[in-house]
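Undergrad: There's a structure below that I have some questions on.
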């Protein structure tokens, strides 16, 4: 895929103007490669850096990067950061552009990804089911179904639900979400998860036994100290009586 960043406006400047591609606006973990993107070529066509600059800036510029998408399915966002020195260096960020990897449909349809829980993961207790959609505007409804049975539907973001897994037997279950917007476009995504509350209950039981054993040990230690204290007191009283 190709990403083109255009900068326009402002006065021409003899100081450099630079643009970098980012996968997050944080100060760390923000390189495209941190999110799984691979830069094939930058605007030079000969190297593969996420940063490029021009000197001087002549009031407009347009640069293109070629990238390969992450291999893991999900929703990814790329940002562009402009760094411009004109007497005083400053920077500003673009709005993020979202990309859906792995779940694609016909042109004009909704690209929908279940972001939680992860496919083929093990869940217990309460679990959050969440979905991201592109486009996410004008959604008429998003239906959550588990094992083919409708659980709930929502008409606006955030499209997430908290599910009590105790309502389902331990084992594999399918979670699917279907969405439709005002233009008639549809989106669909499904993942399978394994409910394992028996394992969670066993871990809780082991923890309770550990705590109980620790409590018994503490009580036994305190009882021993009391007995020792009473024996010492008795001996002191016997000595005083002699």
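Undergrad: From the list 71, 47, pick out the single residue that is exposed (fewer than 15 other Cβ atoms within 10 Å of the Cβ), closer than 19 Å to residue 24 by Cα and touching a strand residue (DSSP E or B) at 6+ places or on another chain (Cβ under 9 Å). Lay out the reasoning, then the answer.
TA: Numbers: 47 fails: closer than 19 Å to residue 24 by Cα.
Selected residue: 71, the only one of 71, 47 that is exposed (fewer than 15 other Cβ atoms within 10 Å of the Cβ), closer than 19 Å to residue 24 by Cα and touching a strand residue (DSSP E or B) at 6+ places or on another chain (Cβ under 9 Å).
Undergrad: How about the stretch 91-117: which of its residues are modelled with pLDDT of 90 or more and in a loop (DSSP other than H, G, I, E, B)?
TA: Scanning the stretch 91-117 gives a single hit, 117.
Undergrad: Further, regarding this structure: How many residues are in contact with a strand residue (DSSP E or B) (Cβ under 7 Å, 6 or more places away or on another chain) and not in a strand (DSSP E or B) if we restrict to the stretch 12-30?
TA: Taking the stretch 12-30 and keeping what is in contact with a strand residue (DSSP E or B) (Cβ under 7 Å, 6 or more places away or on another chain), we get 12-13, 15-23, 25, 30.
Narrowing further to those that are not in a strand (DSSP E or B): 12, 15-16, 23, 25, 30.
Result for the stretch 12-30: 6.
Undergrad: At pLDDT 90 or above, farther than 27 Å from residue 133 by Cβ and in a strand (DSSP E or B): is that true of residue 40 in this structure? Don't jump to the end; show me each part of the working.
TA: On the way: at pLDDT 90 or above: yes; farther than 27 Å from residue 133 by Cβ: yes; in a strand (DSSP E or B): yes.
So residue 40 fits the description; yes.
So that you can scan it fast, the table gives a plain yes or no per residue for (1) over 19 Å from residue 93 (Cα atoms); (2) in the same structural domain as residue 76 (by TED's automatic domain parsing); (3) at pLDDT below 90:
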site: 6; (1), (2), (3): no, yes, yes
site: 9; (1), (2), (3): no, yes, yes
site: 22; (1), (2), (3): no, yes, no
site: 27; (1), (2), (3): no, yes, yes
site: 35; (1), (2), (3): no, yes, no
site: 47; (1), (2), (3): yes, yes, no
site: 54; (1), (2), (3): no, yes, yes
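Undergrad: For residue 200, only one of the following conditions fails: (1) modelled with pLDDT under 85; (2) in the same structural domain as residue 115 (by TED's automatic domain parsing). What is its number?
TA: Exception for residue 200: condition (2).
Undergrad: Answer yes or no: is there a residue in the stretch 52-66 that is surrounded by fewer than 11 Cβ atoms within 10 Å (Cβ to Cβ) and under 30 Å from the mean Cα position of the chain (by Cα).
TA: No, the stretch 52-66 has no match at all.
Undergrad: Answer with yes or no whether residue 77 is farther than 30 Å from residue 132 by Cβ and touching a strand residue (DSSP E or B) at 6+ places or on another chain (Cβ under 9 Å).
TA: Values: farther than 30 Å from residue 132 by Cβ: no; touching a strand residue (DSSP E or B) at 6+ places or on another chain (Cβ under 9 Å): yes.
For residue 77, the condition - farther than 30 Å from residue 132 by Cβ and touching a strand residue (DSSP E or B) at 6+ places or on another chain (Cβ under 9 Å) - is not met.
The values are calculated or read from the model by the stated rules, or taken from the named source; none is laboratory data. None of these values were measured; they are calculated from a predicted model. Using ideal geometry, Cβ is built from the backbone for each residue, glycine included, and neighbour counts are taken over all protein chains shown.
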